[in-house]
Amino acid sequence: MPSQFGIEISNTWNRYIFRNLEIHIQTFGDGFMAYWLLKTEPQEYSYSDLERDGSTVWNGVKNNLALKHLRTMAAGDLVAIYHTGNQRQIVGLGEIITQPYPDPAWNDPKKVVVNVRALQKLSRPVTLAQIKQDGSFANFDLLRLPRLSVVPVSEFHWQRLLQLADG
């Protein structure tokens, strides 16, 4: 793996290096961190909007499986932001900054939201075509369940996505 990618764990602080950007994130509880892919329609809310806003409430998720994934997120989890529609590519990285909480727009405790902050825009987006051509993604839920808006990402797939983003 190229030297600019890495994870160093020290107590409850994780150090991530991506394209010479060093990110220190404190993990909670047992220190376990998960990785996710969040889909967004760029005409409605793009990664550039997230960068401009700094952070946002990730809402509008209605699919039961996607909501189940949202309920398992934790502050400190990392996310890849995927633009749908004509773009179909991962364009940036973010971090979950809150535990899941009930969506204030609904009177239903199963409908939850999380807050997400922007971390790094990818200088080289990772396209859906690249992911489909890479045999290591054969069992990736982005390909298996293409309509799912919140997709868990294994650590292996996360590292591979970062490699593709780096060229």
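Do you know which residues across region 116-157 are part of a helix (DSSP H, G or I), surrounded by 19 or more Cβ atoms within 10 Å (Cβ to Cβ) and in contact (Cβ under 8 Å) with a residue 60 or more places away in the chain?
Matches in region 116-157: L142, H157.
Could you check how many residues of region 53-73 are buried (at least 17 other Cβ atoms within 10 Å of the Cβ), small (G, A, S) and out of contact with any Leu (no Cβ under 6 Å at 6 or more places or on another chain)?
Qualifying residue count, region 53-73: 0.
Among the numbered criteria (1) crowded, with 17+ Cβ neighbours inside 10 Å; (2) assigned to a loop (DSSP other than H, G, I, E, B), which one does N86 miss?
Unmet for N86, out of (1) crowded, with 17+ Cβ neighbours inside 10 Å; (2) assigned to a loop (DSSP other than H, G, I, E, B): (1).
Identify the single condition in (1) modelled with pLDDT of 95 or more; (2) more than 13 Å from the chain's Cα centre (by Cα) that N139 does not satisfy, given that it satisfies every other one.
Exception for N139: condition (1).
Quick grid of which residues meet (1) under 23 Å from P104 (Cα atoms); (2) modelled with pLDDT under 95:
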position	(1), (2)
S3	no, yes
E22	no, yes
T40	yes, no
S48	no, no
D53	yes, no
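Output yes when any residue across region 62-79 is part of a strand (DSSP E or B), touching a residue at least 40 places away in the same chain (Cβ under 8 Å) and more than 14 Å from the chain's Cα centre (by Cα), and no when none is.
Among the residues of region 62-79, not one is part of a strand (DSSP E or B), touching a residue at least 40 places away in the same chain (Cβ under 8 Å) and more than 14 Å from the chain's Cα centre (by Cα), which makes the answer no.
Please enumerate the residues belonging to region 90-109 that are surrounded by fewer than 19 Cβ atoms within 10 Å (Cβ to Cβ) and either in a strand (DSSP E or B) or at pLDDT 95 or above (or both).
Correct list: I97, T98, Q99, Y101, P102.
The values are calculated or read from the model by the stated rules, or taken from the named source; none is laboratory data. Fair warning: this is a prediction, and the values are worked out from it, not measured in the lab. FYI the Cβ positions are ideal-geometry reconstructions off the backbone, even for glycines, and counts take in every protein chain you see.
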